[in-house]
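Data first, discussion second: the structure below is written as structure tokens.
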Amino acid sequence: MIMKKTVLAIMALGLAIQAVAQTSPRANNLREVVVWGRRPMKDIGVQKTTFDSIALKENIALSMADILTFNSSVFVKSYGRATLSTVAFRGTSPSHTQVTWNGMRINNPMLGMTDFSTIPSYFIDQASLLHGTSSVNEAGGGLGGLVKLGTTPDVARGINLQYVQGIGSFSTFDEFARFTYGSEHWHISSRIVYSSSPNDYKYINHDKKVNIYDDDKNIIGQYHPTERNRSGAYKDFHALQEVYYNTTKGDRFGLNAWYINSNRELPMLTTDYGNERNFENRQREHTFRSVLSWDHLRHNLKIAAKGGYIYTWMAYDYRREVSENNWSTMTRSRSRVNTFFGQAEGEYNPTEKWYLTANVSAHQHLVRSEDKNIILQDGDKAIVGYDKGRIELSGSASAKWQPVNPLGLSLVVRQEMFGNTWAPLIPAFFIDGLLSRKGNLMLKASVSRNHKFPTLNDLYFLPGGNPDLKSEHGWTYDAGASFDTGGTKPFPFSIGGSLTWFDSRIDDWIIWLPTTKGFFSPRNVKKVHAYGIEGKLNVAFEPFKGWIFDLNGSYSWTPSINEGEKMSPADQSPGKQLPYVPKHSASLTGRLTWRSWSFLYKWAYYSERFTMSSNDYTITGHLPKYYMSNISLEKALSFKPVDLQLKLAVNNLFNEDYLSVLSRPMPGINFEFFIGITPKFGNKKR
Amino acid sequence: MTRKLLLFSVLFLAVLSLTGCMEWDYDNDTENFDTAGSGLFICNEGNFQYGNATLSYYNPATNQVLNEVFFRANGMKLGDVAQSMSIYDNKGWIVVNNSHVIFAIDINTFKEAGRIENLTSPRYIHFINENKAYVTQLWDNRIFIVNPEKYEITGYIRVPDMTMESGSTEQMVQYGKYVYCNCWSYQNRIIKIDTETDQVVGELKVGIQPTSLVLDKYNKMWTVTDGGYEGSPYGYEAPSLYRIDAESFTIEKQWKFKLGAAPSEVQLNGARDKLYWIDDDIWCMDVTADRIPARPFLEYRDTKYYGLTVNPANGEVYVADAIDYQQQGMIYRYSPEGKLIDEFYVGITPGAFCWK
């Protein structure tokens, strides 16, 4: 039985500020919200960051990489605007971050990582981060953590339409349209996003100088040029179709189908002296992801089954013009991935004190990778690549126990098999306790072992794949405290926060190293000790009637130290921070709303990142710290036939000249204007 | 109300305090070097796609090493993957592979003298005369002809039976009017180019993937193949060392290594009568020898050696250790007898050397 206690608070500010995706009118009043006197047993001891719909639906131009940058302290490594963006938790690498979409893992099985720049935030209704140990509840292999993404059947009754257009700097056009239909049994949603831009933003190239010559070709002057981002154009199309049927008798069926058609140029490096008109460097992707689900709910039992399929075709072409209008291919790489997915799970609540879960899932990957076309010694043609399949089985069982109301214990046991290799048992233990009802002061702690299997490229890529690689593995511990409270004096407010310490040791860390034969090959080399602190703070208050102020901040301190053996007598890397892992990262969002106006300030900070394993302060050895500030101002207008939302967003407000990765230019200040149109079709109820 | 205004002011100031500028290390200050006399340039490749190649300079007489000299002298980066360097006409020509450029620098001040841009994927430069040089390429089936005086691309030598995608031409040596070049990636041949007509006039098949090429004092060319890799559709075989007569363009002798070995970097001493190469250990033999020595010149030191050179003036041997390819590499300097004389850190992935 769940005890409810209502207090006047504004923690559910999210309810007050409807994002443009929503169709119901705004309401800036403080609300009575429910504060759970007893937390869900499923989340006993879990370290979780949840993103509300305001953050996810801020504007249509944002990807999940942008959302995570400004709303969490995980490290988002971005290679440029609309370019590869990876996410890493707690000082680990991007391939140590597992990503699920509606329960199905969507990490690329060849690379292990996920490109968050290709996930539009408008396609995600629910997003949360499971830090470290907590990821074991959902999947194995998340040595850093897990990003859980999903959609919900929650749509308004009747037919609803919404269209949003964004027009921005660098000839950027973003378009979003959504159709929904809701009835007692059916919930249908269709969404499309189309984004395009030449993406040719200006930047000062500090890495290069342009020469000024005299008539005899002698250099008489040099200067750092102001260049445009070369070869950075993109056209991304996404379509998401969802159909849900609810019997209203405890059964729900769902279908989610997401199609991506992405065509992106890969920007030239700041140190590239090639003529952009003579080179083409392009990546194209077609991905289709679908999940069919069935949920059966009884008062103390939930049974669910899912089936899914992912198809990904990726093409990379590097071409140069050898004579006018005569282009020759230098690299023509193709990969095709078919993934079949199945999952069954059950949750059982036999008594108030016990909560039992079990889950089995299977991902069958079939990968064909074609990396290069060559001419053989006998003159025939051949393709360098690999064609492999791998079954990935994962099963878990958990028992959660609340012997007394303030105390919760949870034990999760997970077993995984990839190919024909079984990982050792993955155990995880969680404990939490409500120390004080006043302020909801809660203590949490957990411990787990985890294993991450090598990716298919790690094992089979030609040349270099190493079938003898071992799994990366280690132990993770964390402990922390959280609180949530609110009041009405001197004005209505709520405040909540958490502080977590974590410590993990990862052995047999895989890195790709060059060989004397001119290619790279992965090896298990490093032993890494990653530890640190994560903090979060949320404050919301109403200083003046009708003015609501909401602040969300996060901070991470993440030393991630190479504790491996020296690779040679001259090796200076042991004891040093891993490359491209900032020791400090922080984010802050502040939102001020008044009537139908909303002002948002977003800020992110990454401390310096070393680019060398020896942490040298050479000229290319580290990337200086940077701060990023974005703002937006939004106004909602309501007319009889339509609701309108107008928004102006300013990115990189202080025109910061910065880099996230060496030699990858980032845009300066830029603007985008959005207009959202939501026709009204009579009264709607959610 | 006053309290509320105060709170707002504090918050506003707090937000303002969060702004700031990235503290760039770059500035326009440049250093004036004057390094007359002999010395050794070290090309540090850096990491592919990170634009962190650097140039180091070492003075063997004083044991002084200067790192990042290109940046320090010019106030700009060298680029992405510094592949090789040659000296001609008192200029150092640095081939920066993935920056599609060759920089010419003054060999004493390291100041840029000019640049040749828009190359496909340049690997090595070989000078025919003051008006003509050849630039080999990866991912191109053409060798570029450039004018070093005007820093211009003037033409191409098309290599027969080679596509752009599997194109690979590498190191060059000259015998009379002919330039010989080993073709490495997914290739198995040495080609012969007539420098008067700029045409490929012959080719010689060797083993899979000849990595490097030198010409000894007896006009014998030496190349070593890496044998490809396991699973390669092009083939996988035991690597070999070849001695090729430049005049007749025929293989005189072949020494086979064991399958899986990865020999590379054939080099000569100043007198061009001793051959050195890397095969885990550092090996050395007389160019007139019929057998590979039983023991290496320098034993393997728990690392992968990535570069090798011999001081033409005194026969001292320099070996590059790239360590984990993500930190400053180490150069070991040995006497002709194999005794360690000095060691010094340079840049990331030191791979190629050039003697001044």
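The values are calculated or read from the model by the stated rules, or taken from the named source; none is laboratory data. Everything numeric here is computed off the predicted structure, so don't read it as measured data. Neighbour counts are summed over all protein chains in view; Cβ atoms, including those assigned to glycine, are modelled from backbone coordinates with ideal geometry.
When the range B:155-175 is filtered for residues that are within 12 Å of another protein chain (Cβ to nearest Cβ) and either outside any strand (DSSP E or B) or within 18 Å of B:Asp89 (Cα to Cα) (or both), the ones remaining, listed by number, are B:Val159, B:Pro160, B:Asp161, B:Met162, B:Thr163, B:Met164, B:Glu165, B:Ser166, B:Gly167, B:Glu170.
Yes/no matrix, rows are residues, columns are (1) surrounded by fewer than 19 Cβ atoms within 10 Å (Cβ to Cβ); (2) assigned to a strand (DSSP E or B); (3) away from chain B (no Cβ under 14 Å); (4) at pLDDT 95 or above:
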{"position": "A:Ser231", "(1), (2), (3), (4)": "no, no, no, no"}
{"position": "A:Trp258", "(1), (2), (3), (4)": "no, yes, yes, yes"}
{"position": "A:Glu280", "(1), (2), (3), (4)": "yes, yes, no, no"}
{"position": "A:Arg284", "(1), (2), (3), (4)": "yes, yes, yes, yes"}
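Confirm whether A:Asn349 is within 14 Å of another protein chain (Cβ to nearest Cβ), buried (at least 17 other Cβ atoms within 10 Å of the Cβ) and over 26 Å from A:Gly419 (Cβ atoms). Taking the combined requirement at face value, the residue does not satisfy it. Residues that are within 14 Å of chain B (Cβ to nearest Cβ) and either among the β-branched types (Val, Ile, Thr) or within 25 Å of A:Val367 (Cα to Cα) (or both) within the range A:320-346 comprise A:Val322, A:Thr329, A:Met330, A:Thr331, A:Arg332, A:Ser333, A:Arg334, listed in sequence order.
Check the range A:538-556 and report whether any residue there is under 20 Å from the mean Cα position of the chain (by Cα) and more than 26 Å from A:Ile669 (Cβ to Cβ). I'd like the intermediate steps shown before the answer.
Taking the range A:538-556 first, the residues under 20 Å from the mean Cα position of the chain (by Cα) are A:552-556.
Subsequent filtering for residues that are more than 26 Å from A:Ile669 (Cβ to Cβ) retains A:556.
Scanning the range A:538-556 turns up at least one residue that is under 20 Å from the mean Cα position of the chain (by Cα) and more than 26 Å from A:Ile669 (Cβ to Cβ).
Residues checked against (1) surrounded by fewer than 17 Cβ atoms within 10 Å (Cβ to Cβ); (2) more than 10 Å from chain B (Cβ to nearest Cβ):
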residue: A:Thr516; (1), (2): no, no
residue: A:Ala540; (1), (2): no, yes
residue: A:Pro543; (1), (2): no, no
residue: A:Gly546; (1), (2): yes, yes
residue: A:Leu551; (1), (2): no, no
residue: A:Thr589; (1), (2): no, yes
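Looking across the range A:387-441, the residues that are among the charged types (D, E, K, R) and farther than 30 Å from A:Leu462 by Cα come down to A:Lys400, A:Arg414, A:Asp432, A:Arg437, A:Lys438.
Being in a loop (DSSP other than H, G, I, E, B), touching a strand residue (DSSP E or B) at 6+ places or on another chain (Cβ under 8 Å) and hydroxyl-bearing (Ser, Thr, Tyr) narrows it down to one of B:Tyr332, B:Tyr325, B:Tyr318, B:Tyr345, so name that one.
On the way: B:Tyr332 fails: in a loop (DSSP other than H, G, I, E, B); B:Tyr318 fails: in a loop (DSSP other than H, G, I, E, B); B:Tyr345 fails: in a loop (DSSP other than H, G, I, E, B).
Matching residue, one of B:Tyr332, B:Tyr325, B:Tyr318, B:Tyr345: B:Tyr325.
Looking only at residues of the range A:592-608 that are surrounded by fewer than 22 Cβ atoms within 10 Å (Cβ to Cβ) and of a type in the set (Gly, Ala, Ser), we find that the one that is nearest to A:Gln577 (Cα to Cα) is A:Ser607.
Screening B:Phe70 against (1) within 11 Å of chain A (Cβ to nearest Cβ); (2) farther than 27 Å from B:Gly202 by Cα; (3) aromatic (Phe, Trp, Tyr); (4) part of a strand (DSSP E or B) leaves a single unmet condition, (4). The residues on offer are A:Tyr555, A:Tyr601, A:Tyr580, and the sole one that is of a type in the set (Ser, Thr, Tyr) and closer than 22 Å to A:Gly112 by Cβ is A:Tyr580. Quick check: anything in the range A:304-319 more than 29 Å from the chain's Cα centre (by Cα), touching a residue at least 40 places away in the same chain (Cβ under 8 Å) and more than 16 Å from A:Asn229 (Cβ to Cβ)? Checked the range A:304-319: at least one residue is more than 29 Å from the chain's Cα centre (by Cα), touching a residue at least 40 places away in the same chain (Cβ under 8 Å) and more than 16 Å from A:Asn229 (Cβ to Cβ).
For the range A:496-545, the set of residues classified as outside any strand (DSSP E or B) and farther than 24 Å from B:Ile348 by Cβ consists of A:Lys545 only. Within the range A:272-294, the set of residues being farther than 21 Å from A:Asn338 by Cα, within 26 Å of the chain's Cα centre (by Cα) and among the charged types (D, E, K, R) comprises just one member, A:Arg282. Checked across the range A:451-463, the condition of being part of a strand (DSSP E or B) and not charged (D, E, K, R) holds for at least one residue.
Residue-wise test of (1) closer than 24 Å to A:Leu393 by Cα; (2) touching a His at 6+ places or on another chain (Cβ under 9 Å); (3) surrounded by fewer than 23 Cβ atoms within 10 Å (Cβ to Cβ).
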residue	(1), (2), (3)
A:Ala82	no, no, no
A:Gly103	yes, no, yes
A:Gly132	yes, no, no
A:Gly140	yes, yes, no
A:Leu143	yes, yes, no
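Here A:Asn405 passes the criteria (1) of a type outside the set (Phe, Trp, Tyr); (2) outside any loop (DSSP other than H, G, I, E, B); (3) away from chain B (no Cβ under 14 Å) except the one numbered (2).
Every condition in (1) among the aliphatic types (A, V, I, L, M); (2) within 14 Å of chain B (Cβ to nearest Cβ); (3) over 30 Å from A:Asn108 (Cβ atoms) holds for A:Leu459 except the one numbered (3). If the condition is being more than 10 Å from chain A (Cβ to nearest Cβ) and among the aromatic types (Phe, Trp, Tyr), then the range B:130-154 contributes B:Tyr134, B:Phe144. For the range A:260-271, taking the residues that are farther than 15 Å from B:Asp80 by Cβ and either under 21 Å from the mean Cα position of the chain (by Cα) or of a type in the set (A, V, I, L, M, F, W, C) (or both), the one that is nearest to the other protein chains (Cβ to nearest Cβ) is identified as A:Arg264.
Of all positions in the range B:122-136, none carries a residue that is under 21 Å from B:Cys181 (Cβ atoms), among the β-branched types (Val, Ile, Thr), part of a loop (DSSP other than H, G, I, E, B) and out of contact with any helix residue (DSSP H, G or I) (no Cβ under 7 Å at 6 or more places or on another chain).
Out of the strands (runs of 3 or more DSSP E) lying entirely within the range A:53-151, which hold 2 or more residues that are over 29 Å from A:Thr357 (Cβ atoms) and not charged (D, E, K, R)? Talk me through it step by step, then tell me what you get.
On the way: elements: A:75-78, A:85-88, A:97-101, A:126-131, A:145-150.
By residue number, A:75-78, A:85-88.
Filter the range B:215-242 for residues that are in a loop (DSSP other than H, G, I, E, B) and touching a Lys or Arg at 6+ places or on another chain (Cβ under 7 Å); which is farthest from the other protein chains (Cβ to nearest Cβ)?
Quick first cut of the range B:215-242, residues in a loop (DSSP other than H, G, I, E, B) only: B:216-219, B:226-227, B:229-235, B:237-239.
If we keep only those that are touching a Lys or Arg at 6+ places or on another chain (Cβ under 7 Å) too, we end up with B:216-217, B:226, B:229, B:238.
On the way: B:Asp216: 23, B:Lys217: 27, B:Asp226: 5, B:Tyr229: 5, B:Ala238: 14 Å.
Among those that are in a loop (DSSP other than H, G, I, E, B) and touching a Lys or Arg at 6+ places or on another chain (Cβ under 7 Å), it is B:Lys217.
Only one entry of A:Ala636, A:Ala649 meets the criterion of being small (Gly, Ala, Ser), more than 12 Å from chain B (Cβ to nearest Cβ), buried (at least 18 other Cβ atoms within 10 Å of the Cβ) and under 22 Å from the mean Cα position of the chain (by Cα), and that entry is A:Ala649.
Tally up the residues in the range B:296-336 that are of a type in the set (Ser, Thr, Tyr), away from chain A (no Cβ under 13 Å) and surrounded by 20 or more Cβ atoms within 10 Å (Cβ to Cβ), please. Don't jump to the end; show me each part of the working.
Taking the range B:296-336 as the starting set, the residues that turn out to be of a type in the set (Ser, Thr, Tyr) are B:300, B:303, B:305-306, B:309, B:318, B:325, B:332, B:334-335.
So of that shortlist, the ones also away from chain A (no Cβ under 13 Å) come out as B:309, B:318, B:334-335.
Among the residues that remain, those that are also surrounded by 20 or more Cβ atoms within 10 Å (Cβ to Cβ) are: B:309, B:318, B:334.
Going through the range B:296-336 one residue at a time, the tally reaches 3.
Which one of these is within 11 Å of another protein chain (Cβ to nearest Cβ) and in a strand (DSSP E or B): A:Ser629, A:Ser663? Exactly one of A:Ser629, A:Ser663 is within 11 Å of another protein chain (Cβ to nearest Cβ) and in a strand (DSSP E or B), namely A:Ser629. The residue of the range A:156-169 that is modelled with the highest pLDDT, among those that are in a loop (DSSP other than H, G, I, E, B) and either charged (D, E, K, R) or out of contact with any Lys or Arg (no Cβ under 8 Å at 6 or more places or on another chain) (or both), is A:Ser169.
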